[in-house]
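Heads up, the thing below is written out as structure tokens.
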Amino acid sequence: MPVNGDLSSPLRVLMVTPHLPPEWAANAILPVQLGSALDSFRTECRFLAHASRDQRSGVPHAYYAPRRGRGRWWRTKIGALIAAVRIAMCALPLIKSSDVIHLHGNGLIVEIADWLA
């Protein structure tokens, strides 16, 4: 939605997905393709994802939330709660400053973004 009815401001879309390129999965590729298609319609697309294991992607306007963790402790309810708070701290400012939230895929990052939106 344009800010205060100002039609000159772009629509701000946040795409939340567990993966971004260079990972090659539908969850990684589709949001980036959709974002580049929306560029021609004066839409400002941002992405919230986990960083790939080996490197951060070259996707512009990408923000990264920490992963939950693989250890035994992170699989407990307390570990999940701490991971959810860490994701929420990263996601909340992006969600508040967006007009549309696109949730793509599944996982804790998508569930937390859905709950915050």
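The values are calculated or read from the model by the stated rules, or taken from the named source; none is laboratory data. Values in this document were obtained by computation on a predicted structure and should not be read as measured data. Cβ sites come from the backbone with ideal geometry, for glycine too, and all protein chains shown count toward neighbours.
With the structure loaded, tell me whether Ala91 is of a type in the set (Gly, Ala, Ser) and part of a loop (DSSP other than H, G, I, E, B) or whether it fails that test. When the stated conditions are applied, Ala91 does not pass them.
Residue count for segment 85-117 under the criterion of being modelled with pLDDT of 95 or more and among the small types (Gly, Ala, Ser): the result is 5.
Please find, within segment 85-94, the residue that is nearest to Arg70 (Cα to Cα) out of those that are surrounded by fewer than 17 Cβ atoms within 10 Å (Cβ to Cβ) and among the aliphatic types (A, V, I, L, M). Among those that are surrounded by fewer than 17 Cβ atoms within 10 Å (Cβ to Cβ) and among the aliphatic types (A, V, I, L, M), it is Val85.
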